[in-house]
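Here the structure is laid out as structure tokens; the discussion comes afterwards.
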Amino acid sequence: MSIELSDAGLDATIAVTAIDEYGESRGGHVAAERALTIYLDRREIVTVMTLGTQPEMLTLGWLRNQRLVNDVQDIASIKANWETDSVNVTTRRTIEGLDERLSRKTVTTGCGQGAMYGDMMAEVNRIHMDAPVLHQSYIYEVLATLNAHNEIYRQAGAVHGCALCDGTDIINFVEDVGRHNAVDTIAGHMWLNEISGNNKIFYTTGRLTSEMVIKVAQMGVPTLLSRSGITHAGLTLAKKIRVTL
């Protein structure tokens, strides 16, 4: 069974005019920021702030990482509509225990304050990764390759970037105003296309928090890479479930 998907992606940047120090007009671009409300079987679930470039994959990955839908075949359609700033998800059968999962909410440290629903830690604590051996030269090669993918950041700034890497090949690179959105969008691609996280590397801009460790663990990716720092909770959790940072 296939999922019926809309194709409602919008441009990531918006043209603006600025006045420079000489009083001259200059053209430029700023990152878009749009509200997108997710409806699950006509029930309003959450509103996210996003660039809006891949609303269908963002929604699919969000549902996956929140574990609100456990089988991709349970989803009949995902249709985004920017006239109503919404995306409607229709399932093939009723989601059991939805009220209970939505009643437990954790506000995270992600940009724009992400949220996690349900007893996420109970599932994460059962995960144990096989940590790969990584050479320093390989990490530098991955980072050098990623430099060519920050298109929106170079044009407008104000975004985060995430990537799923297989060796030095970049399987998917996504930029968004919040990196939890970028993670979820990649998760949506992985889920829809049955891409395993085994032996992959996940790259993110920004700090490595417990939320980031949880998300890559749920995606089955054993290695999380960033140029930035790490929180104590992120480190503690990563050591417990053997995610390499």
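No lab work stands behind these numbers, since they all come straight from the coordinates. The structure displayed is predicted, hence computed values, not measured ones. As a convention, Cβ positions derive from the backbone with ideal geometry for all residues, glycine included, and neighbour counts pool all protein chains shown.
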Ordering of 64-76, 19-31 by packing [mean C-beta count within 10 Å, highest first]: 64-76, 19-31
If you restrict to DSSP beta bridges whose two residues both lie in the chain, what percentage is antiparallel, to the nearest 5? 75 percent
Set the Förster radius R0 to 45 Å, insert the Cβ-Cβ distance between residue 231 and residue 135 as r into 1/(1 + (r/R0)^6), and round the FRET efficiency to 0.05. 0.95
Give, rounded to the nearest 20 debye, the magnitude of the charge dipole that the chain has about its Cα centre when Lys and Arg contribute +1 at Cβ and Asp and Glu contribute -1 at Cβ. 900 debye
Segments 146-159, 126-139 sorted - mean Cβ within 10 Å per residue, highest first: 146-159, 126-139
Amide H within-cut-off set for residue 66, under 5 Å, with H built and near neighbours excluded: none
Report the dimensions of segment 127-212 along its three principal axes from the alpha-carbon atoms, largest first, rounded to Å. 38, 30, 26
